[in-house]
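The values are calculated or read from the model by the stated rules, or taken from the named source; none is laboratory data. Because the structure is a prediction, the values reported are computed rather than measured. Heads up, the Cβs are rebuilt from the backbone with ideal geometry, glycines too, and the neighbour counts pull from every protein chain shown. Remember, those area values only see protein heavy atoms, side chains included, never the ligands or the DNA or RNA. Shrake-Rupley method; radii C 1.70, N 1.55, O 1.52, S 1.80 Å.
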Amino acid sequence: MRKLFILFLTALMFTVSSCSQKVPDDLVLVKGGAFVNTKSHYYGKGVTVPDFYIGKYEVTQKEWIEVMGSNPSKFRGDNLPVETVNWYDCVEYCNKRSTKAGLKPYYNIDKDKKDPNNTNAIDDIKWTVTINEDANGYRLPTEAEWEYAASGGQMSKNYTYSGSDNIDDVAWYWKNSGDHYLTGTWAWATLVSNHNKTKPAGSKRPNELGLYDMAGNVREWCWDWHERNGADDLPGRIWRGGGWIGGDFCCESSFQANYEASGKAPDQGLRVCRNR
């Protein structure tokens, strides 16, 4: 009986230890609830989110290379956010990172079956992707989760941008992501001559939850489909947060936009989540 008890206790300790190791330090626990930030797109609409984990930083190139074995980014640097990745690249990254960490992959990816709901003529990939709701693996945030986290969750101070009302405190965007602070009107030629680019992850102030770069640096893919407004509005996947190219209005936590899932750009990256 004593030996049996010792074996049981050892197994229990191993299980608890294994579970506790599955949440790395670069994930932040976000306590769920209704939207507190009055500037949020979801405020007062009865939308709530459950507890979840979200990346403290945007996925870096070092993290991407460790999982995918290659680096698609235009601007190279281990601690720079990975960019020039499409939505399909990102869900595949999430699954491969999950497998590497010994977690259950969150996505079912069928590369041979075209998604019948994807009618975007620009998207020539159209993999069918479904989810395993009970999986503990890495995933993209839903749009509601992203905005909830960006706007401070239950700790929100009603900021316009993620962590401040002063955009330059928390975001890399077209005016401040180059050699000199730009003024006047946005112009691509000006950004090129000013050497605008991505910046190291976490080099601006965090928001109320300790999350970095949710207002700028690279745009971040979400899980959700864009809700179409009319026949001429093409379906795409939602992205949130501003990028080093973008205007200040794109950096607001409530700003919504979308892109064809196959689209890639040097200001397009991701941040991962996990279920609690």
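Give the dimensionless ratio obtained when the Cα radius of gyration of the stretch 165-276 is divided by 2.2 N^0.38 Å.
1.11
Taking Cα atoms, how many degrees apart are the long axis of helix 87-100 and the longest axis of the chain, rounded to 10 and kept between 0 and 90?
Taking Cα atoms only, the helix is inclined about 30 degrees.
Could you list which residues have their amide H under 5 Å from that of residue 33, counting only those 5 or more apart in sequence or on another chain, with H placed in the peptide plane?
Amide H neighbours of residue 33: 49.
Report, by chain and number, residues whose modeled amide H sits under 5 Å from the one on residue 216, excluding near sequence neighbours (fewer than 5 apart, same chain).
HN-HN under 5 Å from residue 216: 172, 242.
Provide the per-residue ³J(HN,Hα) series for the stretch 165-181, in order, calculated from phi with Karplus coefficients 6.51, -1.76, 1.60 and θ = phi - 60°, each as a whole number of Hz, with x at glycine and proline positions.
For the stretch 165-181, the Karplus-derived couplings read 8, 9, 4, 5, 6, 10, 10, 9, 8, 4, 6, 10, 9, x, 5, 10, 6 Hz, x marking Gly and Pro.
If I take the Cα coordinates of the stretch 71-125 and project them onto the principal axes, what are the three extents in Å, biggest first?
Principal-axis extents of the stretch 71-125 (Cα, largest first): 38, 30, 13 Å.
Rounded to two decimals, what is Rg over Rh for the stretch 192-247 when you use alpha-carbon atoms and the Kirkwood radius?
1.09
Under 8 Å for C-alpha pairs, at least 6 residues apart: give me the relative contact order for the stretch 145-235, rounded to a whole percent.
Normalised by residue count, the contact order of the stretch 145-235 is 31 percent.
What distance in nm separates the simple spin-label points at residue 257 and residue 275, each placed 7 Å from Cα in the Cβ direction?
3.2 nm
Run the numbers on the stretch 33-87 and let me know its relative contact order in percent, using alpha-carbon pairs under 8 Å that are six or more apart.
Relative contact order here is 25 percent.
Using a probe radius of 1.4 Å on heavy atoms only, what accessible surface per residue do you get for the stretch 214-276? Whole Å² is fine.
Solvent-accessible surface per residue comes out at 34 Å².
Between 0 and 90 degrees, rounded to the nearest ten: what's the tilt of helix 2-20 against the longest Cα principal axis of the chain?
The angle comes out near 0 degrees.
In sequence order, what are the phi-derived ³J(HN,Hα) couplings for the stretch 68-79 according to the Karplus relation 6.51 cos²θ - 1.76 cosθ + 1.60 with θ = phi - 60°, rounded to whole Hz, with x for glycine and proline?
Whole-Hz 3J(HN,Hα) from phi for the stretch 68-79: 9, x, 8, 10, x, 5, 6, 9, 9, x, 3, 9.
Relative contact order, percent, of the stretch 53-116 when contacts are C-alpha pairs under 8 Å separated by at least 6 residues?
25 percent
Percent of Cα-Cα pairs per 5 Å bin, from 0 to the last occupied bin, for the stretch 131-200, please list those.
Pair shares across the bins are 3, 14, 16, 14, 15, 13, 14, 6, 3, 2.
What list of ³J(HN,Hα) values in whole Hz, one per residue of the stretch 113-118 in order, does the Karplus curve 6.51 cos²θ - 1.76 cosθ + 1.60 (θ = phi - 60°) give from phi, with Gly and Pro shown as x?
These are the phi-based 3J(HN,Hα) values: 10, 6, 6, x, 8, 9 Hz.
Within the accessible area of the chain, what % is carbon and sulfur when the probe is 1.4 Å and the other protein chains stay in place?
The value for the chain is 54 percent carbon and sulfur by accessible area.
If you build the Cα gyration tensor of the stretch 35-142 and take the root of 5 times each eigenvalue, what three semi-axes come out, in whole angstrom, biggest first?
The three semi-axes for the stretch 35-142 are 24, 21, 17 Å.
Check which residues have an amide H placed less than 5 Å from residue 224's amide H, if you skip close sequence neighbours.
For residue 224, whose amide H was placed from the backbone, the distant partners under 5 Å are 143, 238.
Pulled fully out, how much extra length does the chain show between residue 99 and residue 29, if you take 0.36 nm times their separation in residues and subtract their Cα-Cα distance?
Contour length minus the Cα-Cα distance gives 23.1 nm.
Would you mind computing Rg(Cα) / (2.2 N^0.38 Å) for the chain, counting N as its residues?
Taking the Cα Rg and dividing by 2.2 N^0.38 Å, one obtains 1.06.
Under a GNM of the chain (C-alpha, springs under 10 Å), which listed residue has the highest mean-square fluctuation: 40, 262, 193?
193
So how compact is the stretch 89-210: Cα radius of gyration and Dmax in angstrom?
Here Rg and the maximum Cα pair distance are 19.2, 50 Å.
Along the Cα→Cβ direction, 7 angstrom out, place labels at residue 233 and residue 194. What is the inter-label distance in nm?
Distance between label points: 3.2 nm.
Give me the net charge of residue 89's neighbourhood, meaning all other residues with Cβ under 11 Å from the Cβ of residue 89; Lys, Arg count +1, Asp, Glu -1.
Local net charge: 0.
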